[in-house]
Every structure is written in C-alpha cells, then in structure tokens.
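Trainee: My questions all concern the structure below.
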Amino acid sequence: MHAHASPGRSPARAIAALLRKRALALVDRSTGRLRAVVALERERFLLWLPVAFGAGISIYFALPAEPPRLFALVSFAIASAALLCAVAWRHRPALAFPMLLLACLFAGPGAARLRTELVAAPVLTRPAIVSLEGRVVLVEPRGSQVRLLLDELAIAGLPPERTPARVRLTTRSRQPIEPGMRLRLRARLAPPSGPGWPGGYDYARTAFFEQVGGTGYAVGEPTVTSPAATSSATETIARVRRAITLAAREHIPGEAGGVAVALLTGLRADIPDRVWREMQASGLSHILAISGLHLSLVAGTVFLLARALFAAIPSVVLRIPARKPAAIVASIAAFCGMLIAGSPVPAQRAFVMLAIALFALVVDRRPFSMRLVALAATVVLILQPESVVSVSFQMSFAAVIALVAWFEHRPEAAEASADAPRSERGLGRRVIDYVRLVLVTTLLASLATLPFAAFHFQRVPTYGALANLLGVPLTAFWIMPTGLFAILLQPLGLEAPAYALMGVGVRSLIALARAASSLPHASIALAAWPDVALVLCVAGGLWLAIWQQPWRWLGLLLVATGVIAGLLARPPDLLVSPWLDQVAVRLDGGVMALRERVPDRFLRQQWQAAMLADTVVALPPRDRPGERLSCDAMGCVLDRGAGARVALVFVAGALAEDCARADLVITALRAVGCAGRAKLLDGRELERSGGLAVWFDGNGLRLDTVAARRGARPWARSGD
C-alpha cells in the first residue's frame, strides 16, 4: 500500500513546493519594492513629526473630561523615553522613526494640558449687572457702538481670585475712548457662550484661551478715571491701530470703510452683516482675515522695494546679494504688520512661516518647501497648541500644504516655462501664465480647504475659484499696496489720496462679492459633518501631500471616504434650548418652524444654518398637514411613526397624557416624573444638557447634547 501511494503524493508535493517557492519569491519582490519605496521616501519621514504632534493635541481636545495635572507629566515622561530610544537606535531608522513619532504623539497632549494650565483664568458663572473698573486694551468700532476689551479688572462683589482677567463688552459711549484709559462703568456681563446646538461653534473655548471671562454690554455712559498713558508698548500699538482705524473710516465712508479697517488692522467688528454673508457666499471671506495673504503682500512689497534700493548701492551689492538684506527688512515689515493687526493667531502663524521663508533666503536655502511648512506648524503648535482645533489654522495650513505639494510635483514643462527669462516670453504669454497660475493655485487652495469649510461653516461656495481669480489680484496689486502707502503717509498728513484709491478697490471687491453671491446656487448648504469625516479628509490629504511616490494616491481613497461620510450626514430634526425658551422643528422644503419665548437672533441664525433652512416660520406652522406636527397652548407633539413620537410639554396639565403616548417627553418643568413608557427630560436634565438635538431615523430617535459634545472641560464650567 505504501509503495503504491508514494508515487501519487509526489506530484502534490511538487506542486506545493512550487507554489511555496513562487509565493516566497513574490513576497521577496514585494518586500524589495516596499524597501525601495521607503528608501526613496526617507527624507520625507520627518514631515510626519508635526502631524503626530498635532494628532496628540487633537486627542487631548477630544477627551470627554479634563485630565489631572499629572497627565502632562506622564505624557512628557513617555515622550522623553521614546525620544531616548530614538537616539539610541539612531543608526536603525526602522526603529528610530517610530520612536520619534511616538515621542511627538505623547508630547502633544502634554503640551496642550500645560497650555490649558498656563492660561486658566476665572470665568463668570452667571449673568449679572455689575459695577467694574478696568483698563482699555482694544477699541473696535461697530457701527454706532464700540466694542472694548478690558483687563486689570476690579468688579464689585467679586474677590480678586474670582475676577476674570479680561472682559469684552460693547458701549454706545459718545466720548472718545482710547487704549490705555481706565474706565468705570456698569455693565451686564455673562459667561462666554457655548455652542448653540451639539456640534456648533464653541466661543467659550476660544475665549478661555484668550483669557476672556465675560462678555456683555455697558449700561449707561462709562467714566474715564485715568487718561491713556504712553508707557506700555502694547498700548502704543493699540493707539496706532486706533489712529489707522479713524483715518480709514474718515476717508473711506460706508461699508467699504469697515472692510478697509479689517484689511489694515484686523478689526472686523464694523463690517456689516450683509457684506459678511456676501463675502462668505462668494468664497472671498478669507481676504478679510489678517493672515498669510496680507502679511505676504506687505513683506513682498517691502522686499521688492528694499531689493531695488540695495541693488542701487554698489558698496552693498558687491559684498552680498541684495536679496539678503532685503529679506531682513521684509521680515521687520511683516513683524510690524502683525503688530498693527493686533497679533491675532492667524497673523502669528503667517509671520512664523514668512520669517522662516525669508530666513531661508538669507542662508541660501529654498524659501518654500514642505520642511519649512512643517517647521512653521511645529513652532505654532508648541506656542499655541489650541490652534490645531481652530478653523483658521486648519484652513491656512491646508491651503499652504496643497500649494507647496503642487509646486513640488508640477510638470517639468510648466516649471521650465515659469523659470524662463522674461525676455523669452512675450507680454501675452506672461499674462496667460499668470492667469493660469492664479487659477490653478486658487482651485488647489479651494479644494484643500473645502472639507474644513463644510465641517465648520456647513456651506461651500460654488463660484469661489472664479471670484478669487479676480478678488486676489485686486487685493494684492491695488487694495493692500494703496493701504500700505496710506499708513506710511499718515504721519505726514498726506494719506487722503492713498485711502481714496484704496476705497475704490475695496468697493470693487464688495461689488465682486455681491455679484458672485447673487448668482444662482452661489453656495451649497451642507449638514454638519461628523468628526470622522474631517479626520479621514485630513489624513488622506496629508498622505497625498507628504509622500512623493505613487503610493501617495492612496490618500485620495481616504479623502473620498471622508467626503462620502460627510455627505451622508443629516441635519437635526428637532433643536431645543436648555430652558425650552427656543424650540425648532425641521420641516420639508427647507423650512424651520421656530418657537421663541425669548428672542435670540444669534441662536436663530445658528439653528437655521444647522437645519439647512431657507425659510423660518412660527411654530406651529399653518397649512402644513403632512408634517404630523400638532401644537396648542399646552405643548406640541411630533409624530414620525412608531418609536419616534416626541412631546414638548409647556404646562403641567399635559404631562400625564403625553407620557402615555410619546417616546420622548421634553419639558422645562422641574421635579416631575413620567408614569408611562416615555423617556423624560425635565427642566434639570434639560439645563444640564446645554441644548438638545434630536434626529428621527428608521430605528426611532437619536439624541445628542451640547454637554456631551463639550465634556467636563475648563471652558465648559461657566454654566452657560
């Protein structure tokens, strides 16, 4: 038997051996190709370190509760251990690089927790009318009002340890108020507001890191207790900004004056709401933010002028290239521009990137590369870790990374054309090249920032690329240069003509935004994207931009998955404020039915955007029988089928009946119970929720609350 079976098994063994040999050869080839690709990408490994650092910071902000102080020490300890391992294995990149990534990943949460500890300041716990005294830090015109930022506060009834470091308030004072003055006034102050609905913008978090512990408005006329002094550099800069603001408003009347002030000083409170909406719908709102575009224009203009000046001095140009001292002068100009703009976070980030790029010119390095972008991001995140969750950081770096990646991968023919001497290209060819460059870069920047616009604003401009094709050159070659010359001529009293020319350019920009926003389907409204959609888009975009070998195209799969996840999101069907003062129901046809016991225009706008509503009607709506919504003086009932019946109870008399027939009962009444099967959210739970959103789906009801989204964090303890 055995002798006869052996010949039968030999072919099987031979086939198995052959298959094993081919499999091993395939694995060897695949491993070899992977090693070759990894070797080619080795120089790009370090670009992932700031990504890991930012990811660690993002993890900190995603935590459901504030970690203890020991958390930072543990994070830094793990990061230090991983860094020591990386140093020890520095000759083994396969081990050293993962350790560096691990070090940055754990350093991120520690840095964010440390930053939170350093900026922590008292926050008001409830609204109140108080008497206070403080020093004016910032003055922003706002139509007939003035918005003030005060520090060095003394608030009647509050001990120093519970007094906010800063408050922001508006006043209708008719007397001139200058930075550095000390004021005494009565004001209604409240804690900085949190999100208006789960997933909305959390101003309280922004205010926490700005150390603003209260916002409100003045009651009556402020009293100046001390005039402005000249001892503080900060106050001097604030007065310079104030002088520029007053001059711009004097020479550029109307809505164009508010836009001009925003472009020159970063003070945007005086821009009319209508202009804001038109700029956003047209995709031109980024021009109003003092960021990379503005500082680049200031630095670029000064660089060109300084380079021409130094090139005309033989004693300079014979020793060093004129671009080097010109880069230093341009850096100083950019720094001054940042100070005049009030040093907002986007301007600080832009200055860091510009300073690094100009320094690269001084030391004969490429001024724009992905390594410089990574270095700038690292510096910004170390100084201000909270920037990673801000829309300005995300959109500005997304645009810059996309543009740098394109310049790294652009076709050789286009590069040769761009680098060709001007004498070899006629005027028509130069114009075509410029239009093509502006169009391509605008499209790239628009595509790179589109996921962030959808996530943060729930609106994507349709004609943004075309509007920017005209708006960016208009700003770059007309508005900002004339504004810069106006500032330089202002000490001599000769600024009027320059401001007049700037006004013409600003009015043209507003007209462009108005025309683009009035086109059919000028912007697309989207439901708020889930966090996972943005994470996938960011991961895919970075994979596509950082790597240089063909495997980078796998990033498109991640981006596509993120976009699909975002497009599948649905707007909420029901929104409820913490005290049932406002209730909104989403109806068919882009209509929001709203009940307001206490009118709140800002909350109304947030809810309208969240529900993708073009029209707002009163709740209950008339002549809409198909909505299965019934209301009376005692409450409202939304019946969307089995498992999806929601009752809003306004008076106690309706509670028993609604508890018996509804799946969810919401009421502002306290200390009540439900005898039926319904889930009850009474006044106490509703107040603790911070606001409620409800979705009707095939499985019944899905609930989300503001409190659950925010977590137990320092900026969420104000009781708002």
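Trainee: Can you tell which of Ala402, Ala350 is touching a Leu at 6+ places or on another chain (Cβ under 6 Å), in a helix (DSSP H, G or I) and in the same structural domain as Val302 (by TED's automatic domain parsing)?
Mentor: That would be Ala350, the only listed residue that is touching a Leu at 6+ places or on another chain (Cβ under 6 Å), in a helix (DSSP H, G or I) and in the same structural domain as Val302 (by TED's automatic domain parsing).
Rundown of residues vs (1) of a type in the set (D, E, K, R); (2) within 27 Å of the chain's Cα centre (by Cα); (3) crowded, with 16+ Cβ neighbours inside 10 Å, yes/no style:
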{"position": "Ser75", "(1), (2), (3)": "no, yes, yes"}
{"position": "Ala82", "(1), (2), (3)": "no, no, yes"}
{"position": "Leu101", "(1), (2), (3)": "no, yes, yes"}
{"position": "Leu105", "(1), (2), (3)": "no, yes, yes"}
{"position": "Arg113", "(1), (2), (3)": "yes, yes, yes"}
{"position": "Val119", "(1), (2), (3)": "no, yes, no"}
{"position": "Ala154", "(1), (2), (3)": "no, no, no"}
{"position": "Gly157", "(1), (2), (3)": "no, no, no"}
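Trainee: Just name the residue that is farthest from Asn699 (Cα to Cα) out of those in region 642-675 that are assigned to a loop (DSSP other than H, G, I, E, B), within 39 Å of the chain's Cα centre (by Cα) and not hydrophobic (A, V, I, L, M, F, W, C).
Mentor: Per the stated criteria, the residue is Arg670.
Trainee: Ok, one more. What number of residues within region 283-325 satisfy the criterion of being aliphatic (A, V, I, L, M), surrounded by 14 or more Cβ atoms within 10 Å (Cβ to Cβ) and within 30 Å of Ser446 (Cα to Cα)?
Mentor: 11
Trainee: When you scan region 62-70, do you find a residue that is within 24 Å of the chain's Cα centre (by Cα) and either under 26 Å from Arg166 (Cα atoms) or surrounded by 17 or more Cβ atoms within 10 Å (Cβ to Cβ) (or both), even just one?
Mentor: yes
Trainee: Need pairs with beta-carbon distance below 8 Å; first residue more than 12 Å from Val302 (Cα to Cα) and touching a residue at least 40 places away in the same chain (Cβ under 8 Å) and within region 326-340, second of a type in the set (D, E, K, R) and in a helix (DSSP H, G or I); sequence gap 6+ or separate chains.
Mentor: Pairs that qualify, where the first residue is more than 12 Å from Val302 (Cα to Cα) and touching a residue at least 40 places away in the same chain (Cβ under 8 Å) and the partner is of a type in the set (D, E, K, R) and in a helix (DSSP H, G or I), are Ile340/Arg241.
Trainee: Okay, next question. With respect to Ala652, is the statement that it is in the same structural domain as Val591 (by TED's automatic domain parsing), at pLDDT 85 or above, of a type in the set (A, V, I, L, M) and farther than 20 Å from Gln582 by Cα true?
Mentor: Spelling it out, it is not the case that Ala652 is in the same structural domain as Val591 (by TED's automatic domain parsing), at pLDDT 85 or above, of a type in the set (A, V, I, L, M) and farther than 20 Å from Gln582 by Cα.
Trainee: Among the residues of region 81-97, count how many are small (Gly, Ala, Ser) and farther than 15 Å from Glu43 by Cα.
Mentor: Matching residues across region 81-97 total 4.
Trainee: Further, regarding this structure: Residues Ala716, Ala652, Ala712, Ala656: which one is exposed (fewer than 15 other Cβ atoms within 10 Å of the Cβ), touching a residue at least 40 places away in the same chain (Cβ under 8 Å) and not charged (D, E, K, R)?
Mentor: Ala712
Trainee: Could you tell me whether any residue of region 577-589 is within 23 Å of Phe452 (Cα to Cα) and either buried (at least 19 other Cβ atoms within 10 Å of the Cβ) or within 21 Å of the chain's Cα centre (by Cα) (or both)?
Mentor: no
Trainee: Which residue pairs have Cβ atoms under 6 Å apart, sit 6 or more places apart or on different chains, and have a first residue in region 120-141 that is within 14 Å of Leu153 (Cα to Cα) and a second that is surrounded by 15 or more Cβ atoms within 10 Å (Cβ to Cβ) and of a type in the set (Asp, Glu)?
Mentor: Arg135/Asp151; Val137/Asp151
Trainee: Also, I was wondering about something else. Can you name every residue in region 432-478 that is part of a helix (DSSP H, G or I) and among the basic types (Lys, Arg)?
Mentor: The answer is Arg436, and nothing else.
Trainee: Let me ask something additional. Out of curiosity, is Pro11 touching a Ser or Thr at 6+ places or on another chain (Cβ under 6 Å) and at pLDDT 75 or above?
Mentor: no
The values are calculated or read from the model by the stated rules, or taken from the named source; none is laboratory data. All of these numbers come straight from a predicted model, not from anything done at the bench. Cβ coordinates were reconstructed from backbone atoms using ideal geometry, including for glycine residues, and neighbour counts include every protein chain displayed.
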